[in-house]
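The values are calculated or read from the model by the stated rules, or taken from the named source; none is laboratory data. Please read all numbers here as calculations on a predicted model, not as lab measurements. Positions of Cβ are generated from backbone atoms using ideal geometry, with glycine treated the same way; all protein chains shown enter the neighbour counts. Ligands, DNA and RNA are stripped out before the accessible areas are found, and what is left, the full protein with its side chains, is counted by its heavy atoms. Shrake-Rupley method; radii C 1.70, N 1.55, O 1.52, S 1.80 Å.
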Amino acid sequence: MSPTEENGDRVTGIIPAPATLEVHADATTFRLTEATRLVARGPGASEVAETLGRVLRAATGFRLPVVAGAGDADAAASDIALLVRGGPRLQTEAEGYALECGTRGVRIEAAEAAGLFWGTQTLQQLLPAEIRRAAPGAPPPGGWTAPAVSVADAPRFAYRGAMLDVARHFFPVDDVLDFIDRIALLKLNVLHLHLTDDQGWRIEIDSWPELTGIGAATSVGGDGAGFYSKDDYRRIVAHAAERFVTIVPEIDLPGHTNAALSAYPELNPDGLAPAPYDGVAVGFSTLSASPERAEATDRFLADVTREVAELTHGPWLHLGGDEPLSTPHEDYLDLVRRMTRAAAATGKTIIGWHELGASTELPAGTIGQYWGRVEADPEAAALARSFVEQGGSIILSPADAAYLDMTYPGEPVGPTGRPLGLDWAGTTSLEAAYGWEPAAIVPGLREDDLLGIEAPLWTETIATVPELEFMVFPRLAAIAEIAWSPAAAPRDFLDFAERLATLGTHLDVLGIAYHRIAGVPWVAVGGHAATPARAIAASAAAR
Ligand code: TNX
């Protein structure tokens with residue numbers, strides 16, 4: 001059955017499209033009321049119930065207590081039952097869930113708390129957009145109802161990510177927390193933070209304090225300083241964990257290191273401190289591979305990877321490795337060997353941009369992030385295959401489809417009137433972001449070789465939250481669907497666009513300054529659509 005079905009006058013627009021969805025057109029809808037309770041059972045269920053409860057309470061003003069219960073027997077028709085049944089499952093099945101919504105209430109069941117949480121995201125999308133309000137007001141005209149549906153769902157890929165470049169422009173903790181909430185509503189489960197680059201070092205490292213003392217002072221265009229203290233970073237990790245999102249920290253090495261070199265010139269091949277950099281060029285900085293600097297370099301690699309690993313709950317550390325344009329190839333291979341060994345010693349699994357595949361000595365399981373094209377890209381594909389040949393897997397971020405910093409066609413004016421985005425990989429329409437098949441990107445790989453999909457947002461041209469939102473939404477919804485929905489599902493753009501229009505009403509209530517791209521039947525929500533202008537004012541006031 002198509003994921004979009006009419007039920008009464010509400011379209012069931014779930015993004016990403018669930019694996020299976022049945023709409024019971026004749027059945028009674030579910031009604032959330034003053035009497036509704038969240039009935040939780042199983043490991044982690046009450047925490048998921050609390051997270052859901054905070055959203056529902058804020059919008060409705062209802063009490064919505066979380067109570068322990070056995071599920072079916074204890075849950076009334078006005079209740080939402082949240083059950084974790086436990087038991088061993090495959091990784092993707094672990095994130096799966098079943099949802100029943102209708103006359104007998106809502107029942108979401110999952111093997112693990114993560115799946116339960118994704119089920120609660122589906123439920124929120126089934127409710128009226130007003131459920132996203134931060135403060136209670138009058139209920140929507142039809143009440144707090146959700147259509148009668150049965151959903152059985154699980155993700156295609158285990159790794160479903162977005163990346164935020166906080167090095168070119170810094171985004172304070174609260175902006176990152178909001179971004180986590182927004183990617184989680186699309187069932188993305190990874191936020192990759194690009195923490196270091198030529199323009200700034202954004203994570204505190206106790207043993208090398210000038211990395212942020214000196215290295216965090218600028219950003220592109222001289223737009224200001226910023227870094228995360230360790231406590232800031234712990235807040236980000238904790239907020240993400242509550243939403244079943246893993247933070248992947250990236251320390252970009254051995255290139256993209258001007259900020260580090262300006263703080264510690266002993267790491268620079270010429271031993272001199274370069275000036276801080278606020279331009280947008282790439283490939284001009286490198287760590288030194290020289291034996292006379294080896295002691296400092298190896299101490300730096302060991303200390304930084306150790307301290308970052310200590311802050312990291314997830315299994316992955318990203319070491320960059322991209323665009324080593326001023327590192328001689330032999331030096332690059334030497335530095336990759338040393339930095340991957342330092343990182344592997346922390347016990348984490350390494351991720352690197354596909355250039356890292358030039359090394360044949362990668363630690364076991366090292367993951368490559370492909371940023372070649374959807375169109376045939378033999379060189380990038382060969383580097384990507386090298387990770388698989390060495391026992392690792394691949395994350396796909398094709399630059400001509402999944403790069404959220406590529407401009408939209410037609411050069412639309414962004415919410416702040418500034419030109420936004422780059423176009424070195426072309427302009428990227430919503431159709432292009434939606435219209436690619438992961439299995440067809442790197443010839444020779446099997447489905448099992450693909451760990452997942454990630455959509456990066458590089459921020460050379462993006463300095464504020466409304467600008468970020470304009471570039472990210474709605475294209476991230478397309479990427480999320482590719483990452484989650486079954487390979488066999490037909491990718492029907494018109495169907496997607498209709499569901500996106502429904503999601504748009506939710507984004508409106510959240511005050512997200514998304515791009516109301518042509519070709520989507522966007523609808524207005526009565527009376528309360530938070531205008532991008534308001535979001536811009538709020539963001540400007542915060543800066
Ligand atoms: C390439 S993609 C880069 C980044 C830039 C980006 C801009 C990759 C691994 N490196 O340094 O920010 O293009 O789109």
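Things to note:
- Sole residue being open to solvent by less than 30 Å² (accessible area, probe 1.4 Å), more than 16 Å from the ligand (Cβ to nearest atom) and under 30 Å from residue 365 (Cβ atoms), chosen from 453, 482: 482
- From the options 248, 149, residue that is in contact (Cβ under 8 Å) with a residue 60 or more places away in the chain and more than 16 Å from the ligand (Cβ to nearest atom): 149
- For region 456-466, the candidate set comprises residues that are open to solvent by 10 Å² or more (accessible area, probe 1.4 Å) and part of a loop (DSSP other than H, G, I, E, B); within that set, the residue that is nearest to residue 483 (Cα to Cα) is 458.
- Members of region 437-479 found to be of a type outside the set (A, V, I, L, M) and touching a helix residue (DSSP H, G or I) at 6+ places or on another chain (Cβ under 7 Å), listed by number: 438, 443, 444, 447, 449, 452, 460, 464, 466, 473, 474, 475
- Here the condition is being more than 16 Å from the ligand (Cβ to nearest atom), in a strand (DSSP E or B) and of a type outside the set (S, T, N, Q); of 272, 211, 191, it holds for 191 alone.
- The residue that is surrounded by the most Cβ atoms within 10 Å (Cβ to Cβ), counting only those in region 187-238 that are among the small types (Gly, Ala, Ser) and under 22 Å from the mean Cα position of the chain (by Cα), is 200.
- Qualifying residue in region 329-348 (condition: within 16 Å of the ligand (Cβ to nearest atom), in contact with a Gly (Cβ under 9 Å, 6 or more places away or on another chain) and not in a helix (DSSP H, G or I)): no
- Region 91-117 residues that are farther than 20 Å from residue 186 by Cβ and among the aliphatic types (A, V, I, L, M), paired with ones that are in a helix (DSSP H, G or I) and at pLDDT below 95 (beta carbon under 8 Å, 6 or more apart): 111/93; 111/94
- Test: residue in region 96-104 that is within 20 Å of residue 27 (Cα to Cα), in a strand (DSSP E or B) and open to solvent by 10 Å² or more (accessible area, probe 1.4 Å): yes
- Test result for residue 410, surrounded by 23 or more Cβ atoms within 10 Å (Cβ to Cβ) and more than 15 Å from the ligand (Cβ to nearest atom): no
- Against the conditions (1) more than 16 Å from the ligand (Cβ to nearest atom); (2) outside any helix (DSSP H, G or I), residue 304 satisfies every one except (2).
- From the options 396, 356, 383, 362, residue that is touching a helix residue (DSSP H, G or I) at 6+ places or on another chain (Cβ under 7 Å), within 15 Å of the ligand (Cβ to nearest atom) and over 16 Å from residue 445 (Cβ atoms): 356
- Every test in (1) away from the ligand (no atom under 16 Å from the Cβ); (2) of a type outside the set (Ser, Thr, Tyr); (3) part of a loop (DSSP other than H, G, I, E, B); (4) farther than 30 Å from residue 55 by Cα is passed by residue 284 save one, and that test is (1).
- Those residues of region 428-450 which are open to solvent by 20 Å² or more (accessible area, probe 1.4 Å) and either within 16 Å of the ligand (Cβ to nearest atom) or not hydrophobic (A, V, I, L, M, F, W, C) (or both), in sequence order: 429, 431, 432, 435, 437, 443, 444, 446, 447, 448
- Of all the residues in region 387-399, those that are touching a residue at least 12 places away in the same chain (Cβ under 8 Å) and surrounded by fewer than 16 Cβ atoms within 10 Å (Cβ to Cβ) number 1.
- Inclusion of residue 416 among residues that are open to solvent by 20 Å² or more (accessible area, probe 1.4 Å) and modelled with pLDDT under 95 is warranted.
- Test set (1) within 14 Å of residue 201 (Cα to Cα); (2) open to solvent by 10 Å² or more (accessible area, probe 1.4 Å); (3) of a type in the set (A, V, I, L, M, F, W, C) - residue 282 fails condition number: (1)
- Residues that are open to solvent by 10 Å² or more (accessible area, probe 1.4 Å) and closer than 16 Å to residue 454 by Cβ within region 156-178 comprise 156, 158, listed in sequence order.
- Put simply, of 402, 382, 425 the only residue that is open to solvent by 40 Å² or more (accessible area, probe 1.4 Å) and either over 21 Å from residue 341 (Cα atoms) or touching a Pro at 6+ places or on another chain (Cβ under 9 Å) (or both) is 382.
- Members of region 307-328 that are out of contact with any strand residue (DSSP E or B) (no Cβ under 8 Å at 6 or more places or on another chain), in a loop (DSSP other than H, G, I, E, B) and either more than 16 Å from the ligand (Cβ to nearest atom) or at pLDDT below 95 (or both): 328
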